[in-house]
1. Give me the Å³ per residue figure for the convex hull around the C-alpha atoms of the stretch 259-306.
2. So who's got an amide H within less than 5 Å of the one on residue 389, skipping anything under 5 residues away but keeping other chains? H placed 1.01 Å off N, in plane.
3. Taking N as the number of residues in the stretch 93-186, what is its Cα Rg relative to 2.2 N^0.38 Å?
4. Starting from the Cα-Cα distance between residue 297 and residue 223, subtract it from 0.36 nm times their residue separation and give me the gain in nm to one decimal.
5. Calculate, in whole percent, how much of the Cα-Cα pair population of the stretch 121-267 lies beyond 23 Å.
6. If you fit an axis through the alpha-carbon atoms of helix 239-249 and take the longest principal axis of the Cα set of the chain, what angle between them do you get, 0 to 90°, nearest 10?
7. If you wrap the stretch 508-556's Cα atoms in a convex hull and average its projection over all directions, what's the area in nm²?
8. Which order do the peptides 54-63, 471-480 come out in when sorted by mean C-beta neighbours inside 10 angstrom, highest first?
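The values are calculated or read from the model by the stated rules, or taken from the named source; none is laboratory data. Here the structure is a predicted model, which is why all the values come from computation and not from measurement. Every residue, glycine as well, gets a Cβ built from its backbone with ideal geometry; the counts of neighbours run over all protein chains shown. These accessible areas exclude ligands, DNA and RNA; they are computed on the full protein's heavy atoms, side chains included. Shrake-Rupley method; radii C 1.70, N 1.55, O 1.52, S 1.80 Å.
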Amino acid sequence: QQRSQTSGGEQERSTSSEQLFLPFEMMARWQTELGDFAAAFAALERGRARSLVDQLHTQGIDLLADVPLDQARELRLRDSAAKQQVASVEKQLELLAGDASLAPPQQAERESQLLRELQEAQEEAVAVYREMRNLSPAYRLAVSRDFRPWALDDLQAWVSAQRALLLEYAIGTHSSHVVMIPPEGAARVEKLVVPDDLAAALHVEPGELTAEKLAAIWQVGDKDLVARVAEPQLAEAAAERLALLWRLLVPSAAREALVDSTQLERLIVIPDGQLNALPFEALIVEPGTEAKYLLDVAPPISYAASATVLVNLAQRTLKATPSAQPLLTVADAVYGAAAGEAGESSLVPTARSRYWDGAGPLAALPFTATESSWVVKNFKTEGIPAAGLRGALATEANVRANVAGREFLHFACHGLVDQRYGNFFGALALTPGRRGGPEDDGYLTLPEIYALPLAGCELSILSACQTNVGPQQRGEGLFGLSRGFLVAGSRRVVASNWLVDDEAAASLVSYFTAGLAQDKKKGSAVDYARALHTAKRWVRAQPKWQSPYYWGTFVLVGPN
């Protein structure tokens, strides 16, 4: 009832959910102590991923269909004007970077002014986005539905049919729990506790694990744990912590099952809090000079924001006319001033790359063309037609015109994250169109991804940096680009948790898609999780790519 009264876009609604989450956490704790695991699980599910559930319900509706004509017209005009202004200021910033006629002080002053104008334009774009949802009767009706999470018994039957183990985490203010659903036997909700020996090694107080303790555990020296894993030269410093987390986060019964290859065919992880950023494959099950990772011993792993979202995606009806070419690959984008010249790459600065991370120019990604060619070859070898948008053709306009009806989508490009406004301006960086403008400026943003017609898509592969990264909301998960593709209609997404190595990513995706194509050729159900699992193991087996930096970043989000 409270949620039906909230307003704004997805981030504002999830912020409201975050503020209401404590009662769900308390209920789960009380029901666990009473031994009513079904009630505890229901409380956890009712409190998580609610905005994502709403988005899945509202996909495809015309927000302004029942809004009075004058208001609808005004909102459309404001929306268009704000987007035009954002694109215009960004273009001015790009041109300013190459303007040698201004002295450094003048250039700095002009840049500061343009950045202020850019922020104002972006804030207006976000404000219009919120107002459209606030005024839309169809949107209000969709998000006020009575939410019915999947019951524990029904979920256990679904998990058992796959011979899977499901671990759903809830990291709380006062306590944390893990729901463990095995393929056989009763489901349980276990409290996560830091025992004395682990507490000493992790430098936290023993007792119940809390969000505050996990935040402390996540800090390894002067760096975040995932930041260390994501850099080859720093990964060794994180090894001890990854081994301790294996014991802390995974109940003993689950650890035994996971290292016994005969018991399970699949592991499903529903993470929470900082766990959203950590691929469980990178947990160390046997420390030492030749450390053994969970990847080496466990079955394939998939991830989801909630168990309810996971099963709903698995049962989603794909309503679309299939394309004659099931695969579309988008790669080898041309960046900067050379974008209008086919086949040329450039290191010319682009406004958004400077504005977001201070890294300056977007560099060319030479292996993306190779990766795209390998992916097409893998499918065509199995007799499956494929289409490609590369170089000057890899534009937003061409993506919108060509994605409908595709079973497989593959993007190999830069991925950009913006922690503000719920990653509203996070994007896949493509080739800017010749005409430019907000609809073809080379940045396929998160809201634009939401609007893609992906009703027939089984898998979107986002071979780009940090496509499973974004602002976190407690109980909601991540506002990453991966979320955008799920909302747009894709049943599942392969996305990255950190920066990717260009060559290693191309090799991993090639190996992965070869497995997919072979499964599809056989006419059997495509085993997405196993194909990714096998590709990761192959990359890890290469001497130069043994570090989890190279193979750990890509995760399967959604059902197998």
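1. 75 Å³
2. Amide H neighbours of residue 389, under 5 Å, 5+ apart: 329, 330, 331.
3. 2.12
4. Details: separation 74, 0.36 × 74 = 26.64 nm, distance 2.81 nm.
Computed gain between residue 297 and residue 223 is 23.8 nm.
5. Numbers: 6154 of 10731 pairs.
Result: 57 percent of Cα pairs exceed 23 Å.
6. 60 degrees
7. Details: hull surface 12.6 nm².
Mean shadow area of the hull around the Cα atoms is 3.1 nm².
8. Listed from highest to lowest mean packing, they are 471-480, 54-63.
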